[in-house]
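Below is one structure; the comments refer to it alone.
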Amino acid sequence: MSTDYYRDGEAVADAKAPAGPINERWEKRRFSGRLVNPANRRKLRVIVVGTGLAGASAAATLGELGYRVANYCFQDSSRRAHSIAAQGGINAAKNYRNDGDSVHRLFYDTVKGGDFRSRESNVHRLAEISTEIIDQCVAQGVPFAREYGGLLDNRSFGGAQVSRTFYARGQTGQQLLLGAYQALQRQVAAGTVDLHTRHEMLELIIVDGKARGIVVRDLVTGAISTELADAVVLATGGYGNVYFLSTNAMGCNVTAGWRAHRKGAYFANPCYTQIHPTCIPQSGEHQSKLTLMSESLRNDGRVWVPKQKGDDRHPADIPEDERDYYLERRYPAFGNLVPRDIASRAAKVVCDEGHGVGPGGLGVYLDFAAAIERLGRKAVEAKYGNLFDMYERITGENPYERPMRIYPAVHYTMGGLWVDYDLSSNIPGLFVTGEANFSDHGANRLGASALMQGLSDGYFVLPNTISDYLADGPFEAVDETHEAVVAARKEVDDRIAFFLGNDGDRTVDSFHRELGRIMWEYCGMERTDEGLRKAIGLIRGLKDEFYRRVKVTGKNEQLNQELEKAGRVADFLELGELMCIDALHRTESCGGHFRAESQTEDGEAKRDDEQFSYVAAWEFGEDGPVLHKEALEFEYVKPTQRSYK
Amino acid sequence: MKLSLRIWRQSDAQAQGKMVSYEIDEVSEDASFLEMLDVLNERLISEGEDPVAFDHDCREGICGACSLVIDGQPHGPQAATTTCQLHMRKFKDGDSIDIEPWRAGAFPVIKDLVVDRSAFDRIIQAGGYISAPTGTAPDAHAVPIPKQDADAAFSAAACIGCGACVAACPNGSGMLFMGAKVTHLGLMPQGQPERHTRVLGMVAAHDEAGFGGCTNTGECAAACPKEIGLDVIGKLNRDFRKAAIRAA
Amino acid sequence: MAVSGILLVLFLVAHMAGNLHVFEGRASMNEYAHGLRTFGEPLLPHESLLWVLRIGLIAAAAVHIWTAVVLTRRALAARPVRYASKKPAKGESRHAAATMRWGAAVVFLFIIWHLLDLTFRTVNPVKDVPDAYGAVVATFSPERWPVTVFYLLALLALFFHLRHGIWSAVQTIAGPNSKWRKRTQAIGLAVALIVVLGFAIVPLSVTFGLVK
Ligand SMILES: Cc1cc2nc3c(=O)[nH]c(=O)nc-3n(C[C@H](O)[C@H](O)[C@H](O)COP(=O)(O)OP(=O)(O)OC[C@H]3O[C@@H](n4cnc5c(N)ncnc54)[C@H](O)[C@@H]3O)c2cc1C
Ligand code: HEM
Ligand code: HEM
Ligand code: SF4
Ligand code: F3S
Ligand code: FES
């Protein structure tokens, strides 16, 4: 095994989930957790980093409860967190359609969808809370889609057999986030939440083994300050931007999580990344990000490539018998609707064989000609008009006349900081919510479930579990002069001084782009032992070069976007290596992680439950990461091999 | 293609800014406007110059961060399109393009093309919400809402808080932004109890923040990337009149 | 602003209608002017109706100008820096920004001249107060064509002011939905046209000798 890259450590002792029947565990946990007297809450200070669904909902709710909350985000307004971009919808086991949905079914689907690499207790709690989320959001005035009778509309999403997805046109994340944002602003006005926009957390402060604060940089003035509290919550989102090109916003980063990791927090399952099959392909070197086209397009579009390699005729001139509808061919039962990971990999396979279309041969056709013929242009326009317009704005091609080109792109990261059932990391006082933690999706996330998890964590789970920790507070006062605080601050100062003083000649972006290419090539849709080893070597080399040659202009005492990026890319370089190591050690294929060595005869992913039914929680070590395994047990859903033939 | 750019450069809030000219070559038609600026910035950095600062994040037209006035038009020449979704094929080889920040007293420039839009957050703090503390909600189906109302509320709620309306308004008024929120919440039954205090509070915060008064010129709606219409301003006015009379 | 503007519009409509008495000849016009002054006599003092109207008018004008100044100053503070690059407006009231304030200044100067001309007769050849008809005919006599041109220019400014002002006032007071907004815009345009044409026809008729 690859022990030249990492060491084995002790197994994770306890994830703290209560025992007993699964549907009573959350109830039990809430009852056994200690409470904080309302009068004492005012004396307790909680830092929440992040204002996405997970952060804003937590900060608002903690403020309502009466804690003193300090909330941070790097954007100019808390409303711009990346959650705003989610399109499709949010799941909830309301069974409003009477189509057989239930908490148990949502639980079951999510565990199975995660390819049996998530915790049953967590997922069940998520399914239970899902219904409360919808109630909460409706009360806040979130304008969900409704039917003529005035009740909420639902749709089925991501291949689910029941209609449990609530949505607000194609902008569900935006509307949910605005609900949380408004709740948060209400607390700001009430004086319970101190909100700091354009502030970036650059270091975690640990005093006597407990998380007690953060070091932040004011992105406008460059002022570095140390913020102290009784507990710290990270809700800092996902790290898909390690691939440079992804569907994530430009600012998404791993810095908060990575700094905590370097201070001792475990990073779990970093290699689990979700690649979304329907994104607009890259058009050139200048490309800065990739745009997701809703998954719903696959309901009516047919995916194909020319049979003849390098065929550059206009798609309309390619006759039927010279087209390869490869999804329909390989997966006759599910056809164009196979799950995300399968559709993505299949596209890569045909492009690697040279059948790809568009610039660089990195694209496949998503063709609506048949749908237009069958339903009429009007109907297609009504269903997908806005998506078609967006496609045309970006590519300049008219999808009514010429099939869309699509290609897979990195979309979501299932890995993240390790947390127990209480959403506490292994550092006491450090809690992690939303995409930043690893908790509920296992090796693969189902559509419309990230929004659910972010809000579940922020509105309902964390405010209930954090009180058990805070019941011991307020903790002994620390101030700016404490040696741990001074040391953390110095680390930040030194790093900034290094970047600004480095006499380099290469831009930060050029390193980021190169890292992205390595990650995509070797730690993307398909991973091999050989490729990953190569990638680790390349990343180490790149990191070396980064510190020698990176060039950052300007000074600290100003808005300096290059300096911001430099810090983020430095952390991505370290994360990228850990992702490859994690991918290398997991020699099975599961969910978003496909190891070419572990496949069935017909090329499908092969899980290895004997060896790998565990969470890989990595501890930072100066001489390489240390692996702690948390065994996964399945009492309620028996692991089976997925099949979509 | 080849372009001549004139870009507003201002090193910080206090500094005196000016338009600076740059030539840029080999711009791809397929690049977005911001990607074109990325290319320029890479060049500036390698020449040891300070790159042009601008706000952006999602680059998908939804976060509301991007904010450039291109040739005198907030978000540029293409209707219903944010700057980040504007692509270079909308321009011609040899074009010269002026790029300026949002101009408004309530949105002071921080650096180059970056402005401070926190005044919008303060307007929301003054009432742009429904008070529904976590855990107090009835079942989502307890109150049906007519589909037309829900759809209209959604259309108003689609505002991304970009501030283009203010940048376009000859009076520097934030009425369209404020009207969008008042309309969204005012169309929902949940929003009724606070309807009057909301509009009074938000208008007071708006005036306090230094936005101008609306004289209905309608430039805001023409610039809005989310096609929020002037009817939200009408609705705001109506609610404001009722609330002011009730409060008097 | 909106309320005072609407009051001014009402005054203008009435004034315009009154002016059309000119076409009924000197007697009818002067009788009308006289009637306004002697309304209610001997029960009410001389010119009482006129003064009630005048006070209302002066109050409306004062409020209108005061709010206009306040709004304009706020606008200047809210938009302290101009764009280097200017594009033609493309909103629903695209002439408003360019014409409302300049136009108002023109109308303001016009009203001063107009009062000196037809109310106080300072600059009018006909000083005999009851002879409104004579004063009108005299002021627009062909040799005094620059006066007529000035009136017409002012009316053009007034046209733009009203065209925007009327729907703007309705939008401010009533807040119509999209359908009604479009209708109010059409009504504003129609009223502005009628008022301004109704006014313009008088000086034109005199200048071109239709009314002597
Ligand atoms: C295009 C797209 C579409 C999607 N569609 C769906 C969907 O339909 N359904 C679904 O369920 N999920 C969807 N997802 C996934 C989902 O949107 C995200 O997983 C989720 O919103 C993450 O929320 P979050 O609160 O954890 O993080 P984010 O919303 O990313 O928020 C992170 C916050 O942390 C702050 N932050 C980060 N680092 C720092 C730092 N160092 N200092 C200070 N602040 C920091 C940021 O400012 C921000 O406020 C989609 C994702 C993408 C990219
Ligand atoms: C002394 C001359 C006048 C001045 C200085 C003046 C000034 C203004 C100004 C500055 C506005 C604000 C609109 C904008 O800035 O776009 C305005 C609006 C308006 N004006 Fe005038 N005006 C004058 C005369 C008149 C007259 C004679 C009328 C009517 C006959 C009138 C009717 C209106 C109306 C209806 C509005 C719209 C109110 C609103 O927007 O709510 N104005 N005026
Ligand atoms: C062009 C055609 C016009 C003609 C022929 C005309 C004629 C007159 C006359 C004859 C009087 C005196 C009435 C009297 O004292 O008995 C008068 C008064 C007045 N006019 Fe006009 N007018 C015209 C246009 C306007 C316009 C466009 C305005 C305003 C914008 C206006 C505003 C007034 C005012 C404020 C008075 C004073 C009213 C008073 O005495 O109380 N007029 N006009
Ligand atoms: S109303 Fe339109 S222009 Fe104004 S902030 Fe909202 S989206 Fe931007
Ligand atoms: S442009 Fe300005 S004047 Fe009113 S209608 Fe829009 S806010
Ligand atoms: S960058 Fe998000 S809207 Fe343009």
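See the values below:
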item	result
Residue list for the range B:113-149, restricted to those being on the phi > 0 side of the Ramachandran plot and at the interface with chain A (Cβ under 8 Å from one of its Cβ atoms)	B:Gly135
Scope the range C:163-200; condition within 11 Å of ligand 2 (Cβ to nearest atom), more than 17 Å from the chain's Cα centre (by Cα) and surrounded by 19 or more Cβ atoms within 10 Å (Cβ to Cβ); matching residues	C:Val170, C:Gln171, C:Thr172
Qualifying residue in the range A:263-274 (condition: more than 14 Å from chain B (Cβ to nearest Cβ), away from ligand 5 (no atom under 16 Å from the Cβ), within 26 Å of A:Pro399 (Cβ to Cβ) and surrounded by 19 or more Cβ atoms within 10 Å (Cβ to Cβ))	yes
Residue match in the range B:210-218 (condition: within 16 Å of ligand 6 (Cβ to nearest atom) and part of a loop (DSSP other than H, G, I, E, B))	no
Set A:Thr221, A:Thr247: member being part of a loop (DSSP other than H, G, I, E, B), more than 28 Å from A:Ser344 (Cα to Cα), away from ligand 5 (no atom under 16 Å from the Cβ) and within 14 Å of chain B (Cβ to nearest Cβ)	A:Thr221
Selection within the range C:1-10 - loosely packed, with under 15 Cβ neighbours inside 10 Å and either in contact (Cβ under 8 Å) with a residue 12 or more places away in the chain or within 16 Å of ligand 5 (Cβ to nearest atom) (or both)	C:Val3
Number of the condition not met by B:Leu113 [criteria: (1) within 16 Å of ligand 6 (Cβ to nearest atom); (2) farther than 17 Å from B:Arg9 by Cα; (3) over 12 Å from the mean Cα position of the chain (by Cα)]	(2)
Enumeration of residues in the range C:201-212 that are surrounded by fewer than 18 Cβ atoms within 10 Å (Cβ to Cβ) and closer than 17 Å to C:Leu153 by Cβ	C:Ile201, C:Leu204
For A:Arg533: the one exception among (1) more than 30 Å from A:Ile427 (Cα to Cα); (2) outside any helix (DSSP H, G or I)	(2)
Single match in A:Thr51, A:Thr131 (criterion: within 14 Å of chain B (Cβ to nearest Cβ), at pLDDT 95 or above and near ligand 1 (Cβ under 10 Å from one of its atoms))	A:Thr51
Filtered residue count, the range A:170-204, keeping only those that are touching a residue at least 40 places away in the same chain (Cβ under 8 Å) and part of a loop (DSSP other than H, G, I, E, B)	5
Any chance A:Lys551 is among the basic types (Lys, Arg), over 23 Å from the mean Cα position of the chain (by Cα) and within 14 Å of chain B (Cβ to nearest Cβ)	yes
Members of the range A:250-273 found to be within 7 Å of ligand 1 (Cβ to nearest atom) and part of a helix (DSSP H, G or I), listed by number	A:Thr255, A:Ala256
Matching entry among C:His64, C:His15 (being more than 16 Å from ligand 6 (Cβ to nearest atom), in a helix (DSSP H, G or I) and within 14 Å of chain B (Cβ to nearest Cβ))	C:His64
Cross-chain or 6+ apart pairs with Cβ under 9 Å, the range C:70-85 first and at the interface with chain B (Cβ under 7 Å from one of its Cβ atoms) and free of Cβ contacts under 8 Å to residues at least 24 places away in the same chain, then in a helix (DSSP H, G or I) and basic (Lys, Arg)	C:Ala75/C:Arg101
Residue list for the range C:26-45, restricted to those being surrounded by 13 or more Cβ atoms within 10 Å (Cβ to Cβ) and either within 16 Å of ligand 2 (Cβ to nearest atom) or in a loop (DSSP other than H, G, I, E, B) (or both)	C:Phe39, C:Leu44
Condition met for B:Leu5 (within 14 Å of chain C (Cβ to nearest Cβ) and not in a loop (DSSP other than H, G, I, E, B))	yes
Hey, B:Gly76 more than 16 Å from ligand 5 (Cβ to nearest atom) and not assigned by TED's automatic domain parsing to the domain that holds B:Ala222 or not	yes
Unique match (being crowded, with 17+ Cβ neighbours inside 10 Å and touching a strand residue (DSSP E or B) at 6+ places or on another chain (Cβ under 6 Å)) among A:Leu362, A:Leu387	A:Leu362
Residue match in the range C:49-58 (condition: of a type in the set (Gly, Ala, Ser), away from ligand 6 (no atom under 16 Å from the Cβ) and modelled with pLDDT of 90 or more)	yes
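Residue-by-condition table, conditions (1) over 27 Å from A:Gly240 (Cβ atoms); (2) in a helix (DSSP H, G or I); (3) within 14 Å of chain C (Cβ to nearest Cβ):
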site: B:Tyr22; (1), (2), (3): yes, no, no
site: B:Met36; (1), (2), (3): no, yes, no
site: B:Val39; (1), (2), (3): no, yes, no
site: B:Leu44; (1), (2), (3): yes, yes, no
site: B:Glu49; (1), (2), (3): yes, no, no
site: B:Asp55; (1), (2), (3): no, no, no
site: B:Cys84; (1), (2), (3): no, yes, no
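The values are calculated or read from the model by the stated rules, or taken from the named source; none is laboratory data. Source: prediction; values computed, not measured. Using ideal geometry, Cβ is built from the backbone for each residue, glycine included, and neighbour counts are taken over all protein chains shown.
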